[in-house]
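Structure record follows, encoded as structure tokens.
The values are calculated or read from the model by the stated rules, or taken from the named source; none is laboratory data. Being a predicted model, the structure only gives us computed values, none of them experimental. Heads up, the Cβs are rebuilt from the backbone with ideal geometry, glycines too, and the neighbour counts pull from every protein chain shown. With ligands, DNA and RNA removed, areas are computed over all heavy atoms of the protein, side chains included. Shrake-Rupley method; radii C 1.70, N 1.55, O 1.52, S 1.80 Å.
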Amino acid sequence: MPHNILVADDDPHIREIICFALEKAGMKTQGVADGAAALRAIERRAPDLVVLDIGMPEMDGLEVCRRLRQVSDVPVLFLSARDEEIDRILGLEMGGDDYVTKPFSPRELVARVNVILRRARPAPAEAEERQFARGGLVLVPASHGASFDGRPLALTGIEFSILKGFLARPTHVLAREAVMANAYAANIHVSERTVDSHIRNIRAKLAAAGCTDAIETVHGVGFRLGRCGG
């Protein structure tokens, strides 16, 4: 079944470009012109991913994502006409999975959408029973399930993949490049601050569940998994 993608942008030309590129890649799309329309569309039928412009009038993309994260963990790819670092970090900390700056390459946007969708896809049936665990932290890739001491964790696809990469090599120190290689395709570049934002989000979500030592910083080298013992 083709993936259903919701594209929310107040510029009809940009909506048309994005929808054309995604449909050419075999996906189904729906375009809306503002944040309120995006929330109504999601309520009627949950998409597989939302491409969300930050700079929409009346209700911007950040507010749409904030409201969406109260009820759903659907993946979100932010668009913005500004390349301000604070916008990028804020978008990720609001629960976005990735961020693309205008003007953008439609081919790169499709590649990033595919990466996010692939990370959110359930694992094959034969791997259904496999899980990764350390201390109280448990990940079950087949169901995209994550928990700490039995308390569910609401992780984005990128966050889940980053944690899975740490759990696969629990004693290793991973450089930022290695951390993001677990979550993004090799031909997609992300900044160091993007890596730090994802790590910060993961730490905050685990801390809220009672895990205060999830990921340790090894200064000048990278990160490693903590004891995950609370």
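What translational D, rounded to a whole number of µm²/s, comes out for region 1-73 from Stokes-Einstein when the hydrodynamic radius is the Kirkwood one over Cα pairs, at 4 °C and 1.567 mPa s? Display every interim value, and only then the final one.
Values: Rh = 12.2 Å.
Approximately 106 µm²/s, per Stokes-Einstein.
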Rounded to whole Hz, the Karplus (6.51, -1.76, 1.60) HN-Hα couplings of region 138-144, x for glycine and proline: 9, 10, 10, x, 4, 10, 6
For the chain, the charge dipole (Cβ of Lys, Arg +1; Cβ of Asp, Glu -1; about the Cα centre) points to a positive end, and the Cα of Ile162, Val64, His198 closest to that extreme belongs to Ile162
DSSP loop (so not H, G, I, E, B), at most 11 other Cβ within 10 Å: list which GluC sites (Glu not before Pro) in region 1-75 pass both filters. Glu58
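Could you tell me which trypsin sites (Lys or Arg not before Pro) in region 1-108 are loop residues by DSSP with no more than 13 other beta carbons within 10 angstrom of their beta carbon?
Passing sites in region 1-108 are Arg45, Arg82.
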Can you work out the accessible area per residue across the chain, with the rest of the protein chains kept in place, probe 1.4 Å, in square angstrom? 49
Which Cα, out of Leu22, Val74, Leu39, lies furthest along the positive dipole direction of the chain (beta carbon charges, K/R +1, D/E -1)? Val74
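Tell me the carbon and sulfur percent of the accessible area for region 130-230, rounded to whole percent, probe radius 1.4 Å.
51
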Would you mind telling me the share, in percent, of accessible area of region 5-48 contributed by carbon and sulfur at probe 1.4 angstrom? 50
Out of all DSSP beta bridges in the chain, what portion is antiparallel? Express it as a percent rounded to 5. 45
Restricting to lysines and to Cα separations under 18 Å from Lys102, and discarding same-chain partners fewer than 8 apart, the set is none
Looking at [x] 31, 22, 16; [y] 30, 19, 17; [z] 26, 20, 17, which value of semi-axes √(5λ) of the Cα gyration tensor in Å comes from a calculation on the structure shown? [y]
Table column - 3J(HN,Hα) (Hz), region 14-31, Karplus curve with 6.51, -1.76, 1.60, x for Gly and Pro: 5, 4, 5, 4, 5, 4, 4, 5, 5, 5, 4, 7, x, 9, 9, 10, 9, x
Cβ-placed point charges (K, R +1; D, E -1), dipole of the chain about Cα centre in debye, nearest 20: 720
